[in-house]
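This is the structure I have questions about; it appears just below.
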Amino acid sequence: MKPISALLVLPFMLASCTHKEDAPLLTGTIAANDFVLVTAYYDIDGDIYLEDFSTDSLGRFTYSPTIPKGTDLTLYVNGSTYGVRIDNGASASITIDSLGEATFYGDNREESRWLNACFSGYDPRRYKHIMERDGAYDLAKYTGMMDEARSTTEALLPKIVDESLRDYYRSLGEMFYRRTKAGILGADAFYNNPDNRGKYNEEIDLLNRVDPNADASRRTGALFNWTATTIPFDFSNPAETVDRAEAIIDSLVTNPANRRMIYNICSEFIFNINCPADELRAYISAFGDRLSAHQREVLDKRVSEIESCTKNGDMISCNPVLVAPDGTRTTLTEACGGKLAYIDMWATWCGPCCAQIPYMEKIADFYKGDDRIVCISISCDEDIDAWRKKLEQDSPEWPQYVFNGESGQQFMTAMGVTAIPRFIVVNPDMTIADIDATRPQSDEAIKQLINSLLAR
């Protein structure tokens, strides 16, 4: 499932920028023969920001965000992750060569080198399992990558002069290491042998324990884990959920920035339940002034988007392009073929999605030969090779597709899909029968729904 975070996307124009002496300054050059999109991620007192900007045609950029203090930036460029430290009144520069290697200059050079080694070394995408034909998860490979990242970051720490910042980076690196190790142990148990889960449980639980007041817990995303395991959510009662959350947070969390982020996280969890917009507004209202103005703005915008989404009974408003395993292109309408369609949206990197595959196979097999219905799986994967390898491993006998480019995201936005797995039932006339259908795991429930629709 995709992680959910509080995001604000702000356009950033390079033209006519003037740099103030007390503002941070980051300049850079990316080896390219055209414009390059750069996304900067940073945290200010518990609020998470994403800012998109573009280089010029020669790969050059100047970036000077408005921040109250020194900030650690994560830069996403051409599918790779980089780290850099910026400070008010200081300047920094990054050069990324044709191989994707970064070199730093100017102020905060050593700090940026450490951040870059940490953010790139522990980038979750490096540890994303690509299913091989036998499905084996290479624990030794990922453990080696993790240990190499730890060794590199530890070697760079002594070069950071500021003692307090050095201590913070040490704790940050350790938290990244712990979270990565917990992740690869859990993946090894999931892919290789479910029985290993028992062997690893104690260590995974220990690694996942975080201090809700530590700045490192916020910067590494560990507060999402803490919130999910600590706060009891009752999605049928927004007010009671907020009251329980407030009691726990107020008693355990004294760091103001962490408190803000935890409340923001609590408000984000409600978008995973796919409830109507009026219920979402009830949750947001219940959290009230516990949320930052920034987070309220983000949530209000997203609820407005959901209100405009397709609903049961509506005609599908977006007809995405789909690509079959052999490269053939079609559209969703063509794939449905004028039949009742049970549609599965999934991805190879989504554990809960993969867990539904055996049940989806049973549903597809049950209705095989019934020309009135078609079962369809559509992958959200960007890594097409990983998708194809997964199909080679599983050999599914029902239609398989992957979204083509932006049309997939447009479709998911139009349908109000904020998390996967997600199942949708579409009538033969391409109206929505059930926009958030029962998962195939609930075998009798989904059969009852499908049979009732076929009987019309």
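The values are calculated or read from the model by the stated rules, or taken from the named source; none is laboratory data. Bear in mind that the values here come from a model prediction, so they are computed numbers and not experimental data. Glycine gets a Cβ as well: all are built from the backbone with ideal geometry, and neighbour counts include every protein chain shown.
Could you list, in sequence order, the residues of region 323-347 that are more than 20 Å from Ile450 (Cβ to Cβ) and either surrounded by fewer than 21 Cβ atoms within 10 Å (Cβ to Cβ) or not assigned by TED's automatic domain parsing to the domain that holds Asn427 (or both)?
Answer for region 323-347, where residues must be more than 20 Å from Ile450 (Cβ to Cβ) and either surrounded by fewer than 21 Cβ atoms within 10 Å (Cβ to Cβ) or not assigned by TED's automatic domain parsing to the domain that holds Asn427 (or both): Val323, Ala324, Pro325, Asp326, Gly327, Thr328, Arg329, Thr330, Thr331, Glu334.
Something else about it: If we only count strands (runs of 3 or more DSSP E) wholly inside region 1-52, which ones have 1 or more residues that are touching a Ser or Thr at 6+ places or on another chain (Cβ under 8 Å) and at pLDDT 85 or above?
Result: 25-30, 37-44.
Taking region 369-422 as the search range and keeping residues that are of a type in the set (Phe, Trp, Tyr) and in a helix (DSSP H, G or I), which one is surrounded by the most Cβ atoms within 10 Å (Cβ to Cβ)?
Checking each candidate, the answer is Trp387.
Hey, does region 337-349 have a residue that's among the polar types (S, T, N, Q) and either farther than 22 Å from Pro440 by Cβ or in a helix (DSSP H, G or I) (or both)?
Looking through region 337-349, none of the residues is among the polar types (S, T, N, Q) and either farther than 22 Å from Pro440 by Cβ or in a helix (DSSP H, G or I) (or both).
Please state which one of Asp443, Asp436, Asp394, Asp385 is of a type in the set (Asp, Glu) and within 23 Å of Phe269 (Cα to Cα).
Asp436 is the lone residue from the list that is of a type in the set (Asp, Glu) and within 23 Å of Phe269 (Cα to Cα).
Something else about it: Give the residues of region 423-456 that are loosely packed, with under 15 Cβ neighbours inside 10 Å, among the β-branched types (Val, Ile, Thr) and at pLDDT below 90, sorted by residue number.
Selection gives nothing.
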